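Engineer: This is the structure I have questions about; it appears just below.
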Amino acid sequence: MTCELMTPTRRAVLGASGALFAWAFIPRFAYAAGGRDPRFITIILRGALDGLTAVPPVGDPDYAALRQAIAMTTSGPEAALPLDSFFALHPSMPNFNRLYRAGQAAVVHASATPYRDRSHFDGQDVLESGYEMPGRVDSGWLNRMLEGLPKGEKVSPGASEIRGLSVGANAPLVIRGKAPVLGWSPSNLQPVSDDLPPRLMDLYNHTDPLFAKILAEGISTGKIAAGLDVKARGGPGDPTGMEQMARGAARLLAQDDGPRVAALAFEGWDTHAGEVDRLNKLLVGLDNSFAAFQQELGPAWKDTAIFVATEFGRTAQVNGTQGTDHGTGTTAFLAGGAIKGGRVIADWPGLKQAQLRDGRDLAATTDLRAVVKGIAVDLLGASPAVLTRDVFPGSDHVLPMKGLIV
């Protein structure tokens, strides 16, 4: 496994030295609701998740005819799991269903970003940058949120505060920016011998003490996330990789002096053909990730919110290769002990021809920015004004969604 500090300058990296990741502040958010010590995890599903398969609206009279052979039902050998009288959950997600029944998971259906075209690249850019239009940006909304959150008690003058964690070989855009972020990635390299780390420390203590200090932080991070079979990386069709990325991230987030905000990206959700088999596998990985976070976060789970989103949805009608094409509205998932769950949050637009966007897509009636704003305000203590001005510029008309946090 690898660990690095993902910061804008060498000065920021060196300033982050000391303690576990050399916190300049206790990483608790100063004005978190109810004196909590919260965690906020964002998972990006790259490729455009089909929300009508992940959470099928089995009660909609037009659903089965549109989906034909890939339509799901709540009876039979591969029955969907009923969430209420209208919506069901894909059978590959029993862990999410368990959390839903416990009031610790929710679905936000018919949701999307402001993006209304169908390019993966541009859609992901809008989803992760937080801007209304795609373009050349160098920061994501989660990083800008970190910058704007109230800081905790200062414990070490002169060092940078690191409250963010990027998981994966490449930092998702959503968490890139000026706020320094710790980077951790599973590795498929063979483990080194036990005596190599102390030998390196001995060498650099004499030749480059400053680098030795940073190396020690990386070794410490690796030990916290150790004990995992981390050969898989969460790539296309890799459910094991998703779970292990989540497990490693959770171990770091669970530390008293560890990060409090994390971003992960799971690949491979573009289902133009053979959607049933593909999503059967991918949703297992996502579902096991929820269980891994709950298990590894331990007591911190009760103050955790997980937000799962994708760049856009899929067409309402199945295509000729038993898949679906690029669409608009889709499903977002919320989970965690801090989530007021056990419900599907939806202003359902309907699936009749006249109700579909451009006659083909599930219309989007919920703005994902409202969801994030609601969590940020009620769990993390974020300022609504800062969220509108800096985190999601141009979103004055998008109010924080209320009632998401217990």
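Engineer: For Thr42, enumerate residues with amide H under 5 Å from its amide H, sequence gap 5+ or separate chain, H modeled in the peptide plane.
Structural biologist: For Thr42, the qualifying residues are Ala262, Ala263, Leu264, Phe307.
Engineer: Compute the distance in nm between two label points, each set 7 Å from the Cα along the Cα-to-Cβ direction, one at Ala71 and one at Asp358.
Structural biologist: About 2.5 nm, to one decimal.
Engineer: Take the Cβ-Cβ distance between Thr365 and Asp122 as r, set R0 to 25 Å, and report the resulting FRET efficiency rounded to the nearest 0.05. Before the final figure, lay out the partial values.
Structural biologist: Values: r = 21 Å, r/R0 = 0.86.
Here the calculated transfer efficiency is 0.70.
Engineer: Within 10 Å, Cβ to Cβ, of Thr271, how many net charges do the neighbouring residues add up to if Lys/Arg are +1 and Asp/Glu are -1? Walk me through the numbers before you get to the answer.
Structural biologist: Values: positive: Arg278, Arg314; negative: Asp50, Asp270, Glu275, Asp277, Asp325.
Combined, the nearby Lys, Arg, Asp and Glu give -3.
Engineer: Could you please rank Lys373, Lys352, placing first whichever residue has the fewest other Cβ atoms within 10 Å of its Cβ?
Structural biologist: Details: Lys373 24, Lys352 12.
Fewest to most other Cβ atoms nearby, the residues stand as Lys352, Lys373.
Engineer: For each of Val391, Val406, count neighbouring Cβ atoms within 10 Å of the residue's Cβ, then give the residues from fewest to most.
Structural biologist: Ranking Val391, Val406 by Cβ neighbours within 10 Å, fewest first, gives Val406, Val391.
Engineer: Along the stretch 261-278, what does the Karplus equation 6.51 cos²θ - 1.76 cosθ + 1.60 (θ = phi - 60°) give for ³J(HN,Hα), rounded to whole Hz, x for Gly and Pro?
Structural biologist: Residue by residue, the stretch 261-278 yields 10, 9, 10, 10, 10, 10, 9, x, 9, 8, 10, 6, 9, x, 5, 4, 5, 5 Hz.
Engineer: Based on the alpha-carbon gyration tensor of the stretch 234-291 and its eigenvalue square roots a ≥ b ≥ c, which shape applies: rounded if a/c is under 1.5, prolate if not and a/b is larger than b/c, or oblate?
Structural biologist: Working: a/c = 3.68, a/b = 2.71, b/c = 1.36.
Cα axes put the stretch 234-291 in the prolate bin.
Engineer: Where the centre of each part is set by its Cα atoms, how far does the stretch 239-277 sit from the stretch 286-321, in angstrom?
Structural biologist: Comparing the Cα centres of the stretch 239-277 and the stretch 286-321, I get a distance of 8 Å.
Engineer: Fewest first, what order do Trp348, Trp269, Trp141 take by the number of other Cβ atoms within 10 Å? Let's see the in-between values first.
Structural biologist: Values: Trp348 18, Trp269 24, Trp141 27.
Ascending number of Cβ neighbours within 10 Å: Trp348, Trp269, Trp141.
Engineer: Sticking with this one: Could you sort out which of Lys151/Lys340; Lys151/Lys402; Lys352/Lys373 sit more than 29 Å apart by Cα distance in this structure?
Structural biologist: On the way: Lys151/Lys340 26 Å; Lys151/Lys402 24 Å; Lys352/Lys373 31 Å.
Listed pairs above 29 Å: Lys352/Lys373.
Each reported figure results from applying straightforward, stated rules to the coordinates on display, with no laboratory input. Fair warning: this is a prediction, and the values are worked out from it, not measured in the lab. Glycine also receives a Cβ, built like all others from the backbone with ideal geometry; neighbour counts cover every protein chain displayed.
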